[in-house]
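See structure below.
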Amino acid sequence: MFDQADALLLARIQFAFTVSFHFIFPAFSIGLASYLAVLEGLWLKTGRDVYHDLFQFWVKIFAVAFAMGVVSGIVMSYQFGTNWSVFSDRTGPILGPLMAYEVLTAFFLEAGFLGVMLFGMDRVGRKLHFTATCMVALGTFISAFWILSVNSWMQTPTGFAINEAGQFVPAGSWWAIVFNPSFPYRLVHTVIAAYLTTALVVGAVGAFQLLKARGGDRHVDADDGDPAEAGDDAGVARSTAAARKMFSMAMWMAAIVAPIQIVAGDFHGLNTLEHQPAKVMAMEGHYDSHPDGAPLILFGVPNPAEKRVDYAIEIPKASSLILKHDPNAPLAGLDSVPDDREPPVTILFWSFRIMVGIGFAMLGLGLWSLVARWRRQLYDWPWLHRAAIGMGPSGFIAVIAGWITTEVGRQPFTVYNLMRTAESASPLAAPAVGASLMAFVIVYFIVFGFGTWYILRLMSKGVLVGEHGIDDEAPIRSAGITPGPAQQAKGQAPVLSPAE
Amino acid sequence: MSGVDLDLTTVWAFIIAFAVFAYVVMDGFDLGIGILFPIFDVGEERDQAMNAIAPVWDGNETWLVLGGGGLFAAFPLAYAIILPALYPPIIAMLLGLVFRGVAFEARWRDPGHRRWWDLAFTLGSFTAAFAQGVTLGALLQGITVDGRAYGGAWLDWLSAFSILCGLAVVAGYALLGATWLIWKTEGGTQAHAYRLAGRFGIATLLAIGLVSLATLGLDYEYRAKWLNAPAIYLTSQVPLLTAIIAFAFWRSLAKKRELRPFLLALALFLMSFIGLGISMFPYIVPDSVTIWQAAAPASSQWFMLVGASVLIPVILVYTGWAYWVFRGKVGTEGYH
């Protein structure tokens, strides 16, 4: 009933599923950790309540998102061995140390300081607390650094030799391995993507609060203990100030960072063209070589059987212009690539267009917000706010689409051009992999379904005045090694008053 | 093989062993409380038990990641053979950890389904602990190796011995959990924890004895390592020390000491761990692959050792600092 091909396919589906689920949470927490550091820094500098309120609002969401990232990340660190043991044996001498450095420099840093960040405000003083927040933010960045170095090495391997056991072993300097050719581009592009993703979520929550305040339905659900609903006008004004502040900050990010990201993406694409041309051919839908200027296919339906793109809408010579900065430059197509080295065109063609389309939509939203800001209407255009809400999850979709583009584009190899995916898998029977895949799907939907539901609920509640951060009736916990303070009796929880 | 290689590889074997033991020390007691959870009364006792581990459970797992990641980096061949061989228990452990981690959070956030989240917490903790023991047992009983890969079937790990090891780890973690609660709680919950510590103390000692005897019955190499002269003069110290620790443990319970039972329970784990080391060394996959055969090249191990020798002490320092910031007993709401 099953054969090895099934086991391989199941293992690939399992990896794609667990890594995609996992990646959502770091993509959010990298940006959010930095945002929290900025908010706390601004609060220390200006002493304005609004930054403190926003910090306490977002730190609760961060705690849940971070915990989800930790538990789904543990699965990833074992998945290489359980499902890709041949790959692990052969690349371990190179990739293992990079991942070990990720654990030593990033995971422990995050874990060690997270407890202080979440619960320690009243125990260590503001400056030390700010340091802890910065350490957590730094940890998320260092983590991205190492894991993207690993991924980039698989795309553009350098600095290695192959020993008699078939293992990739370091040859020359570790510098060449860590800073392999695609790494700087991938790091910049991915970290900016994480920042944009977070900015759009923050913007959507701000926009939602603004629309809600405008609709006047803040007084509808009076039973959720919202102090701002106690008929306190000053409280309402402060919640609105917080919503405005986060919307404004997010829209600045969209307006400034989205264009930077488009430029960074272009550089990343040029780097890919240099090192992995087949990936770019598939992204562009270029089955055929174009000796004198390749068209840019805006839309179309790839037809892998006939090796052409049906119903293509093209801009003549634009692809050569973008990729070679010369409209008449020749551009090779997949006809120059042997069939057994060709990545799956349809997936790449679409995932790339989804990512780019969302990138330009972010730019559009940023520009729209600039117009509104210039007219002093930033908080008064409901359609702008609705658009920002609609764009709230778009960063996640773009990040996943981008990840699919780069990972599927590396196929049919795990180490580009050197080790095939088909020869990387563990010698497992298909029923074992199939059963574990089903278990992962079920558990992840329950567990991450809960996490997402809870985060959305926190977001919809809005910023409360004098936010306490972590609920005082909840257990003191952290995703860190750090113990929280001894459980406080109810009512004695250390409420940090903004006036303090 | 040069002398430098040999030293470096042995150093890495000790670093990985340290990470695994740090994991057992730090995560063992909170998995144990998960295992004991149904024994506690709904309400106050359960909330206190939960609060006693709330701050620590989740970052402790970073040491598990270091153990796995370190194995991949320093001994890639062992990682590539062991993980597929033990696929079902490892996947079960991971899912158990995911489930209990979130059940922990969800218990407070979603009180409408607290009963179900409590059940998930217990099942997740039990599964993770049991699977860790099974993994250990399956490794000790041997793994079929074919070339540079696992050569057995996907249920080879299942045996009476591996099940026994699974139950032993469950009993041991429950003991750690009970003694941790003695230290961190007061009043009725603490009294309950004292009773549980006595019961699981007996179970743990019984399990240590059974697993030790069964290990000697597994394979000639283990018997030779433990029982041949002159090795026996050294190895016999391990059961001797274990007996002394067990005696001290009982005295500390009888004298109602608060911290000491936990430390002595950890000492029991340390003895078992040393025993495990005597049985395994120098093999990383028993009787098939030694640590030197599985080792990554010296340049990989050096590159990591530079970082690890600086970073692990730094990590221990800031972890210690964070513990100091949040010292103190768990709340006694209702006991004032």
Collect the residues in the stretch A:430-441 that are surrounded by 14 or more Cβ atoms within 10 Å (Cβ to Cβ), more than 9 Å from every other protein chain (Cβ to nearest Cβ), within 11 Å of A:Leu10 (Cα to Cα) and not small (Gly, Ala, Ser), keeping them in residue-number order.
-> A:Leu437
If you take the residues in the stretch B:204-250 that are of a type in the set (S, T, N, Q) and assigned to a helix (DSSP H, G or I), which one is modelled with the highest pLDDT?
-> B:Thr204
Return the residue satisfying two criteria in turn: it lies in the stretch A:417-429 and is buried (at least 20 other Cβ atoms within 10 Å of the Cβ) and more than 10 Å from every other protein chain (Cβ to nearest Cβ), and of such residues it is nearest to A:Glu274 (Cα to Cα).
-> A:Met419
Determine whether A:Phe183 is closer than 15 Å to A:Pro26 by Cβ and not acidic (Asp, Glu).
-> no
Name every residue in the stretch B:138-186 that is touching a strand residue (DSSP E or B) at 6+ places or on another chain (Cβ under 7 Å) and either of a type in the set (A, V, I, L, M, F, W, C) or surrounded by 23 or more Cβ atoms within 10 Å (Cβ to Cβ) (or both), in order of residue number.
-> B:Ile143, B:Val145
Pick out the one residue from A:Gly125, A:Gly112, A:Gly120 that is within 23 Å of A:Ser77 (Cβ to Cβ) and either hydroxyl-bearing (Ser, Thr, Tyr) or within 11 Å of chain B (Cβ to nearest Cβ) (or both).
-> A:Gly112
From B:Val24, B:Val11, B:Val65, residue being surrounded by fewer than 20 Cβ atoms within 10 Å (Cβ to Cβ), touching a helix residue (DSSP H, G or I) at 6+ places or on another chain (Cβ under 8 Å) and either modelled with pLDDT of 85 or more or within 17 Å of A:Ala111 (Cα to Cα) (or both) = B:Val11
Going through the stretch A:110-136 in order, the residues found to be at negative phi and either surrounded by fewer than 24 Cβ atoms within 10 Å (Cβ to Cβ) or outside any helix (DSSP H, G or I) (or both) are A:Gly120, A:Asp122, A:Arg123, A:Val124, A:Arg126, A:Lys127, A:Leu128, A:His129, A:Phe130, A:Thr131, A:Cys134, A:Met135
Can you pull out the residues in the stretch A:73-86 that are facing chain B (nearest Cβ under 8 Å) and among the hydrophobic types (A, V, I, L, M, F, W, C)?
-> A:Ile74, A:Val75, A:Phe80, A:Val86
Give the stretch A:445-478 a look and list any residue that's facing another protein chain (nearest Cβ under 8 Å), buried (at least 19 other Cβ atoms within 10 Å of the Cβ) and either modelled with pLDDT under 75 or over 22 Å from A:Val201 (Cα atoms) (or both), or say none.
-> A:Pro475, A:Ile476, A:Arg477, A:Ser478
How many residues does the stretch A:152-172 hold that are in a helix (DSSP H, G or I) and in contact (Cβ under 8 Å) with a residue 40 or more places away in the chain?
-> 3
Does B:Ile182 satisfy being within 18 Å of B:Gly275 (Cβ to Cβ) and either assigned to a helix (DSSP H, G or I) or of a type outside the set (Gly, Ala, Ser) (or both)?
-> no
Residue by residue through the stretch B:60-100, note down the ones that are among the charged types (D, E, K, R) and either free of Cβ contacts under 8 Å to residues at least 24 places away in the same chain or facing another protein chain (nearest Cβ under 8 Å) (or both).
-> B:Glu61
Could you check, for the stretch A:342-355, whether at least one of its residues is in a loop (DSSP other than H, G, I, E, B), among the small types (Gly, Ala, Ser) and surrounded by 14 or more Cβ atoms within 10 Å (Cβ to Cβ)?
-> no
Any residue in the stretch A:43-50 that is in a helix (DSSP H, G or I) and crowded, with 23+ Cβ neighbours inside 10 Å?
-> no
Within the stretch A:72-86, restricting to residues that are surrounded by fewer than 24 Cβ atoms within 10 Å (Cβ to Cβ) and of a type in the set (A, V, I, L, M, F, W, C), the one that is farthest from A:Leu437 (Cα to Cα) is A:Val86
Pick from the stretch B:296-318 the residues that are within 9 Å of chain A (Cβ to nearest Cβ) and closer than 26 Å to B:Val145 by Cα: which of them is surrounded by the fewest Cβ atoms within 10 Å (Cβ to Cβ)?
-> B:Pro297
Give just the number: which of (1) over 19 Å from A:Ala67 (Cβ atoms); (2) crowded, with 23+ Cβ neighbours inside 10 Å; (3) not polar (S, T, N, Q) does B:Leu94 not satisfy?
-> (1)
Given the conditions (1) assigned to a helix (DSSP H, G or I); (2) at the interface with chain B (Cβ under 10 Å from one of its Cβ atoms); (3) not aromatic (Phe, Trp, Tyr), which single one is not true for A:Thr140?
-> (2)
State which residue pairs qualify: first residue in contact (Cβ under 8 Å) with a residue 60 or more places away in the chain and inside the stretch B:237-259, second residue assigned to a helix (DSSP H, G or I) in any location, beta carbons under 8 Å apart, and separation of 6 or more residues or different chains.
-> B:Lys256/B:Tyr194; B:Glu258/B:Ile182; B:Glu258/B:Trp183; B:Leu259/B:Trp183
Out of all the residues in the stretch A:310-329, is one or more of a type outside the set (D, E, K, R), closer than 30 Å to A:Phe247 by Cβ and assigned to a helix (DSSP H, G or I)?
-> no
In a helix (DSSP H, G or I), farther than 30 Å from B:Ala80 by Cβ and over 26 Å from the mean Cα position of the chain (by Cα) - does that describe any residue in the stretch A:378-386?
-> yes
Of all the residues that make up the stretch B:26-46, how many are β-branched (Val, Ile, Thr) and within 13 Å of B:Ala128 (Cβ to Cβ)?
-> 2
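Listed here are the residues, each with its yes/no results for (1) out of contact with any Ser or Thr (no Cβ under 6 Å at 6 or more places or on another chain); (2) of a type in the set (Val, Ile, Thr).
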site	(1), (2)
A:Leu98	no, no
A:Leu104	yes, no
A:Phe107	no, no
A:Leu114	no, no
A:Met117	no, no
A:Val136	yes, yes
For the stretch A:265-282, what are the residues that are among the hydrophobic types (A, V, I, L, M, F, W, C) and within 21 Å of the chain's Cα centre (by Cα)?
-> A:Phe267
Residues in the stretch A:88-104: is at least one modelled with pLDDT of 90 or more, of a type outside the set (S, T, N, Q), surrounded by fewer than 21 Cβ atoms within 10 Å (Cβ to Cβ) and not in a loop (DSSP other than H, G, I, E, B)?
-> no
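The values are calculated or read from the model by the stated rules, or taken from the named source; none is laboratory data. Bear in mind the structure is a predicted one, so any value in this text is a computation, not a measurement. As a convention, Cβ positions derive from the backbone with ideal geometry for all residues, glycine included, and neighbour counts pool all protein chains shown.
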